[in-house]
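K.L.:
This is the structure, below, for whatever I ask next.
The values are calculated or read from the model by the stated rules, or taken from the named source; none is laboratory data. Being a predicted model, the structure only gives us computed values, none of them experimental. Using ideal geometry, Cβ is built from the backbone for each residue, glycine included, and neighbour counts are taken over all protein chains shown. Quick note on the areas: whole protein, heavy atoms, side chains included, nothing else; ligands and nucleic acids left out. Shrake-Rupley method; radii C 1.70, N 1.55, O 1.52, S 1.80 Å.
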Amino acid sequence: MGPMLELEEAQQRLLGLAQLMPIETVSLDAAQGRYLASDLQARRTQPARDLSAMDGYAIGPGEGPWTMVGESRAGTPYSGSIADGQAVRISTGAALPEGSDRILIQENAELVGEAVKLTSDAPREGQHVRRRGMDFGEGSVVLPSGTRIGPAQIALASSAGHGTLEVRKAPRIAVMDNGDELAADPSDCGPDQIPASNGRLLEAMLLTLGCEVMRIGPVPDERVPLTNALAEAESSDILVTSGGASVGDHDLIKPALEEWGAILGFWKVAIKPGKPLILATRGKQVILGLPGNPVSSFVTAFLFLLPLVRKAMGAAHPLPRRLLLPAAQDIEAGGGRREFLRAMWDETGVTPLRLQDSSALANLAKAQCLIDRPARAEAVKVGTLVPVYPLENGAIA
């Protein structure tokens, strides 16, 4: 299968195999977490009229005083226009009457009878006014294709006049974990077993993207059960396995996939944790074989599986994005492979967790980010900026 691939090359090969999912139209209420399949154009202008940004008085030119002649409220505008020397009481979000060009906020005004007087400097022209089209204009692109829909995007789409959105469907994903040592019931686990946690881990990660997930297993390290499990996954768009991807006598995923008719793309990536990673295809189905250690499974899912799913769903930026944050303590020199250190952050910067073993779930649950350490990284001192991946599925709070 050749030498180990570098992370970016492996990611690009993987994303090149992603099959775009079909487009469907969903209501705004069902759009959370999906990706836009086309540019979204505004059907209206926002705001549709000049509006007040503050409570106070709509006034025209001059230094006053002004005679108050009416009121403009949000949704109920003043029906006429104002002349020089006149003012209209106005609330936040209300339309400016014709003839007004600024807002005298109520904190800087005094009402004596029907006369509005200044108690501070006069507002300049346009002050405290939200001009028509300030947010967006009719026909403008408010959300580009490939945008992930969250609460702010739902509100924007609604404000732009849309009740439905064109998005790409979420893929059907089969998640299979295998190993003789895995116990399906965590409450009934013998001393020589461990609970099968990886399937639940991967399913939980995939559900954040709205995927339809079918869990299979745990499957024992035997050819016939593996063959049967693979057949069960035939209808999925993506198959992800966990465990059995290494080179031991009982690591049977690779030969089982080959017998099943899958074409192997690559095997092994130069990262730690997560070196034994399989990419394969079977027709249009993409298959990812992840390592069995839970931290390795999580890290490779974060770096490969989730980007693959995002790409299939039409994401404009499927790969996770890095930040630069200061090291809160000295970090020792790295080894021969690119390493992803589980870490926490606070106001002083990021701190690697002491235990970096790829089986340590307690520290994974604590981790708020991954520090990206290049191969043969030099030691860094406190305050040095280091690249960091925030963990979308980690303990963020």
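K.L.:
Within region 76-94, restricting attention to residues that are open to solvent by 60 Å² or more (accessible area, probe 1.4 Å) and modelled with pLDDT under 95, which residue is nearest to GLU110 (Cα to Cα)?
P.N.:
Among them, the one singled out is ASP84.
K.L.:
If a residue must be among the aliphatic types (A, V, I, L, M) and assigned to a loop (DSSP other than H, G, I, E, B), how many such residues does region 23-39 contain?
P.N.:
Within region 23-39, residues that are among the aliphatic types (A, V, I, L, M) and assigned to a loop (DSSP other than H, G, I, E, B) number 2.
K.L.:
Something else: Would you call LEU277 buried (at least 23 other Cβ atoms within 10 Å of the Cβ) and modelled with pLDDT of 90 or more?
P.N.:
yes
K.L.:
Something else: With respect to ARG49, is the statement that it is part of a loop (DSSP other than H, G, I, E, B), among the charged types (D, E, K, R) and either open to solvent by 20 Å² or more (accessible area, probe 1.4 Å) or at positive phi (or both) true?
P.N.:
Here the answer is yes, as ARG49 does meet what is asked.
K.L.:
Those residues that are crowded, with 17+ Cβ neighbours inside 10 Å and either under 27 Å from ILE238 (Cα atoms) or among the aromatic types (Phe, Trp, Tyr) (or both), I need them from region 321-341; list them, please.
P.N.:
Result: ARG338, GLU339, PHE340.
K.L.:
If you don't mind, there's one more thing I want to ask. Just checking, which of ARG124, ARG148, ARG132 is within 21 Å of PRO65 (Cβ to Cβ), touching a Lys or Arg at 6+ places or on another chain (Cβ under 9 Å) and open to solvent by 50 Å² or more (accessible area, probe 1.4 Å)?
P.N.:
Only one candidate qualifies: ARG124.
K.L.:
Read through the list (1) open to solvent by less than 40 Å² (accessible area, probe 1.4 Å); (2) at pLDDT 95 or above; (3) closer than 30 Å to GLY289 by Cα, then give the number of the only condition that ALA183 fails.
P.N.:
That leaves (2) as the condition not met.
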